[in-house]
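All remarks here apply to the structure that follows.
All of the numbers you see were taken from the coordinates with simple rules; none came from a lab. Because the structure is predicted, anything quoted here is derived from the model rather than measured. Positions of Cβ are generated from backbone atoms using ideal geometry, with glycine treated the same way; all protein chains shown enter the neighbour counts.
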Amino acid sequence: MRQLMRSSTSIGAMCAESEHAQSKSDFINKLSIARKECNESKYWIAMMHEVGLLSKHVAEKLGAQAEELMRLLTSSIRTAQNNLRNSKSAGN
């Protein structure tokens, strides 16, 4: 339970830090860490269900929310990476 709390709260912390990133690369890095933590949260949700700490319904709901968050983070990271590449190529 503690590991799930750590990984899931880290997602929000990294997203909050990304709002004041020092550069586009720093922004991408912070969102990438948030995505890793989200993936870890999905793991802990599955494990908690396997050992009977979460019902199937709750585990499925939390897992679906985590998956949606993973998609949003991935999309944001890709957009930021494309913007970074475009700004570098425009500067050349």
## Note on the structure
So the compactness index of the range 2-90, its C-alpha Rg divided by 2.2 N^0.38 Å, takes the value 1.25
### Query
Here are some pairs, LYS24/LYS61; LYS30/LYS56; LYS36/LYS56; which of them have Cα atoms lying more than 27 Å apart in this structure?
LYS24/LYS61; LYS30/LYS56
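How do MET14, MET5, MET70 rank when sorted from fewest to most other Cβ atoms within 10 Å of their own Cβ?
If I rank by nearby Cβ atoms, fewest first, I get MET5, MET70, MET14.
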### Query
Which helices pass in the chain if a helix is a full DSSP H run, must span at least 18 angstrom along its long axis by Cα, and must have mean Kyte-Doolittle hydropathy not below -0.5?
2-18
### Query
Which of the listed residues, GLN65, SER87, LEU31, is farthest toward the dipole's positive end in the chain, when Lys, Arg count +1 and Asp, Glu count -1 at the beta-carbon?
SER87
